Amino acid sequence: MARLVKEQREQLVLMMKQRKVIVHIAMSADGYIARTDGDLEWLTARPAPAGFYGIDAFMQSIDTKLLGRKTYEASLRMGAKFDSKNPTIVFSRHPRPKDASPAVEFTDEAIGVFVNRLQESPGKNIWLMGGGEIIASFLDAQAIDEFVISVVPIFIGDGIPLIARRHRHIPLSLRSTEKFEDGLVQLRYALQGSAYDSKRIATNCSQSTVT
């Protein structure tokens, strides 16, 4: 029995140390991450507070960025630079662009297989940047651990949804909320049943102490 308890505790420690895949993203109050043409003026025109809604601290907690091809191309148009210090991995069925930075990796590997290998390797947490299609694909592959959603107090009426729309039922556990002076509200969720679901962790810890 003591051996079983020890193994359970070691498993919990491993779960807590495993790299998390986190979607950290802003969306309008009506659920869009960009206008239909990719425009973000409704977001970028906002005065940025100190710490930029916690993104500066978040950047210190990650060392790998994952994104879809459309988000990668939109990032380039906005002047983004990619370096090998923090690996950037683009999920795309298209061939690698000839002018792509050598610091950017392109893959069409199955999401579940790729993410499992990535999480088992040493490193910090992993930022799934978007957009809505790749977030949906990761969600359907059960490859997301947490969402950090910054809800911007504005309606834009139409656009690219946070998650590509198709039938699904995925309960979430609310981990925290934070309200900023400009009306933005930041919500942190874990997927229920994931290794980072607080309810599951509490239950497992309780069970591991049974003698």
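One table, with the values for the structure above:
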quantity: Selected residue [more than 15 Å from the chain's Cα centre (by Cα) and crowded, with 17+ Cβ neighbours inside 10 Å] from Lys85, Lys81, Lys70, Lys65; calculated: Lys70
quantity: Pair list, Cβ under 7 Å, 6 or more apart: region 61-83 residue closer than 14 Å to Leu40 by Cα, other residue aliphatic (A, V, I, L, M); calculated: Thr71/Met129
quantity: Residue ID - modelled with the lowest pLDDT, chosen from residues in region 20-42 that are within 17 Å of Leu67 (Cβ to Cβ) and not in a strand (DSSP E or B); calculated: Gly38
quantity: Region 138-148, subset surrounded by fewer than 19 Cβ atoms within 10 Å (Cβ to Cβ) and not charged (D, E, K, R), residue nearest to Gly183 (Cα to Cα); calculated: Gln142
quantity: Region 43-58, subset without any contact (Cβ under 8 Å) to a residue 40 or more places away in the chain and part of a helix (DSSP H, G or I), residue nearest to Lys124 (Cα to Cα); calculated: Ala57
quantity: Qualifying residue in region 49-66 (condition: charged (D, E, K, R), at pLDDT below 95 and touching a helix residue (DSSP H, G or I) at 6+ places or on another chain (Cβ under 8 Å)); calculated: no
quantity: Yes/no for Asp63 being acidic (Asp, Glu), assigned by TED's automatic domain parsing to the domain that holds Arg117 and in a strand (DSSP E or B); calculated: yes
quantity: Listing of strands (runs of 3 or more DSSP E) fully contained in region 112-211 that carry 2 or more residues being at pLDDT 95 or above and among the basic types (Lys, Arg); calculated: 172-179
quantity: Flag if Gly131 is assigned by TED's automatic domain parsing to the domain that holds Arg69, touching a strand residue (DSSP E or B) at 6+ places or on another chain (Cβ under 6 Å) and at positive phi; calculated: no
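The values are calculated or read from the model by the stated rules, or taken from the named source; none is laboratory data. Everything numeric here is computed off the predicted structure, so don't read it as measured data. Positions of Cβ are backbone-derived with ideal geometry, glycine not excepted, and every protein chain shown enters the neighbour counts.
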